[in-house]
Amino acid sequence: SASIKPGGDIEAGGLAKGIEILRTMQKDTPTLSQLIERLGEMVEAKDKYDGVSIKSKQKPAVRIMNLHKAKGLEAPIIFLADPSGENDFGSTFHIDRSGELAKGYLAISLREGQYRTVPVAHPKNWKALADREEKFESAEKLRLRYVAATRAKSVLIITQKNKRNNTNPWKYFDEYIESKNEIPDPGSQRAPQAEEQLILPEEIEYAEKSILENSDLIRKPTYQSYTAKDYAPEWMTKIGQADTIIDSDTSEVIESLAVEGGQHGIEWGTAIHAILEYSLLNPELDLNRIAKEEMRKNDLDSGLASSAVELVESVIQSNIWKRAMKSDRRFTEFPFEICLDESESNSLPTLIRGAIDLVFHEPDGWVIVDYKTDIVTSHTIQSAVKKYSPQVLLYADIWKRTLKEPVKESGLYFAAINDYLSVRFQ
């Protein structure tokens with residue numbers, strides 16, 4: 001259905017191309033979940049691929065192939081050409097195909113004169129082996145004739161020889177062809193000559209100008225795209241500043257649970273997010289097994305799995321997590337995409353994409369939570385809140401306008417110190 005709407009040929013072609021790209025990834029991507037992750041990366045344009053049309057750009061053409069290559073193919077008009085070359089000189093080899101491994105037997109002969117050969121060496125019981133191979137070859141020729149006779153959708157044209165038709169591989173169709181259906185030989189033909197076209201200098205100049213104008217038009221963007229994280233600061237300057245209200249689960253700073261981010265800070269955060277998502281969906285899961293798998297997937301030291309489990313278990317004991325578990329409408333890593341028009345973005349239409357870490361519903365409205373795995377202390381938490389609050393407030397605004405339901409609360413959960421802080425507009 002996608003291919004019938006405007007631009008649908010590109011969308012359908014892109015889908016087909018995406019499937020082919022995923023198929024090529026299978027040998028390096030052993031699990032279905034990893035393939036789905038790669039598909040998500042393609043959707044998020046982390047790996048850019050050009051779109052293709054589902055419609056072929058090639059004009060109808062004549063394809064020349066042997067019968068083996070023609071198996072499974074069809075065409076409106078089929079010519080069975082080259083009516084020569086079928087000769088029976090007997091078998092010179094035999095393939096035993098009865099076992100798991102094929103075995104080959106070869107007879108050696110020397111040519112004497114133009115048409116005569118003299119056997120020199122052959123396997124034991126060669127006559128029986130040769131007869132068996134000839135039966136196989138006869139059956140194979142019958143199968144190939146079936147292929148030849150069934151490739152045409154509309155018209156099948158079989159070429160014949162005026163003389164020595166006995167070497168014609170298509171002679172077996174003679175008895176089924178009525179003489180009135182014979183097509184006379186058209187003789188030698190020449191391809192039609194294209195009429196010469198006179199192009200004036202003014203036409204060339206006009207075409208060059210049009211190409212340049214169209215190129216400039218194509219390069220001019222018609223929309224802009226951001227992740228919610230990147231767009232949040234710009235959005236915040238248009239809306240107003242954020243004020244924070246601290247509602248900590250605990251005032252104790254749990255430094256021992258912090259893991260040095262360094263060059264793997266992003267990977268560590270990704271792993272923690274994934275383990276939390278599994279925990280919310282199924283609290284009975286073995287966190288140790290999940291943590292080890294996430295360390296492996298994110299190229300982290302497997303020894304960090306125990307620290308990850310300890311960190312996640314501290315989150316599970318938090319008040320905000322317990323509130324989420326009581327809700328019958330809760331979601332983790334909830335993806336969204338929304339387009340802001342020119343009036344909202346003050347420029348081009350703006351596409352915003354992202355994923356909300358945790359959202360759940362309470363009787364008086366929705367609660368939006370963004371996890372943070374940064375190393376923070378009681379001295380640096382205010383600056384961290386200032387840095388991240390625009391993002392979670394943008395999440396809340398998008399959720400409210402999409403569902404048309406109130407968002408009662410939005411906040412940041414700092415896993416390293418087990419602190420949840422709600423934020424709101426000033």
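The residues of the chain present an accessible area of 69 Å² per residue when probed at 1.4 Å with all protein chains retained. If you model the chain as an ellipsoid using its alpha carbon gyration tensor, with each semi-axis the square root of five times an eigenvalue, the axes come out at 70, 36, 19 Å, biggest first. Accessible area per residue was computed with a 1.4 Å probe on protein heavy atoms; R296 scores about 130 Å².
The N181 and D88 beta-carbon pair, evaluated with R₀ = 35 Å, returns a calculated FRET efficiency of approximately 0.75. For K71, K408, the ranking by accessible surface with the largest value first comes to K71, K408, using a 1.4 Å probe. What the Kirkwood sum gives for region 72-173 is a hydrodynamic radius of 16.4 Å, with every pair of different alpha carbons counted. Just to confirm the number: angle between the C-alpha axis of helix 287-297 and the first principal axis of the chain, 0 to 90 degrees, nearest 10? With both axes taken from Cα atoms, the answer is about 60 degrees. Seen against the Cα atoms of the chain and their longest principal axis, helix 8-25 is set at about 90 degrees.
Shape class of region 68-123 from the alpha-carbon gyration tensor: oblate, with a/c at 1.5 or above and b/c at least as large as a/b.
When peptides 192-198, 416-422, 128-134, 177-183 are sorted by average Cβ neighbour count within 10 Å, with the highest value leading, the order is 416-422, 128-134, 177-183, 192-198.
The heavy atoms of I158 offer some 40 square angstrom of accessible surface to a 1.4 angstrom probe. In the assembled protein chains, F331 presents an accessible area of approximately 80 Å² (probe radius 1.4 Å).
Per atom type, region 70-193 shows carbon and sulfur on 54% of its accessible surface, probed at 1.4 Å. What the Cβ-Cβ distance of R289 and Y223 gives, at R0 = 35 Å and to the nearest 0.05, is a FRET efficiency of 0.20. When Y223, Y371, Y206 are compared by accessible surface with a 1.4 Å probe, the order from highest to lowest is Y206, Y223, Y371.
Quick one: check the C-alpha center-to-center distance for region 375-426 versus region 143-182, whole angstrom. Each part reduced to its Cα centre gives a spacing of 78 Å.
Extension gain, K400 to S188, is 68.7 nm, computed as 0.36 nm per intervening residue step minus the present C-alpha separation. What does the charge count near R151 come to, summing +1 for each Lys or Arg and -1 for each Asp or Glu among other residues with Cβ under 12 Å from its Cβ? Around R151, the surrounding residues sum to +4.
Taking label positions 7 Å along the Cα-Cβ direction at both A102 and I266, the computed distance is 5.1 nm, reported to one decimal. Against the chain, whose longest principal axis comes from its Cα atoms, helix 265-281 is set at around 90 degrees.
Compute the Cα gyration tensor for region 274-371, then decide on rounded, prolate or oblate, letting a ≥ b ≥ c be the square roots of its eigenvalues: rounded whenever a/c is under 1.5, prolate when a/b is larger than b/c in the other cases, and oblate in all that remain. In terms of gyration-tensor shape, oblate.
Restricting region 89-165 to chymotrypsin sites (Phe, Trp or Tyr not before Pro) that sit in a DSSP loop and have at most 11 other Cβ atoms within 10 Å of their own Cβ leaves F89, Y115. Rounded to the nearest 5, the antiparallel percentage of DSSP beta bridges internal to the chain is 70%.
The values are calculated or read from the model by the stated rules, or taken from the named source; none is laboratory data. Because the structure is predicted, anything quoted here is derived from the model rather than measured. Cβ coordinates were reconstructed from backbone atoms using ideal geometry, including for glycine residues, and neighbour counts include every protein chain displayed. To get the accessible areas, we keep the full protein, side chains included, count just its heavy atoms, and leave off ligands, DNA and RNA. Shrake-Rupley method; radii C 1.70, N 1.55, O 1.52, S 1.80 Å.
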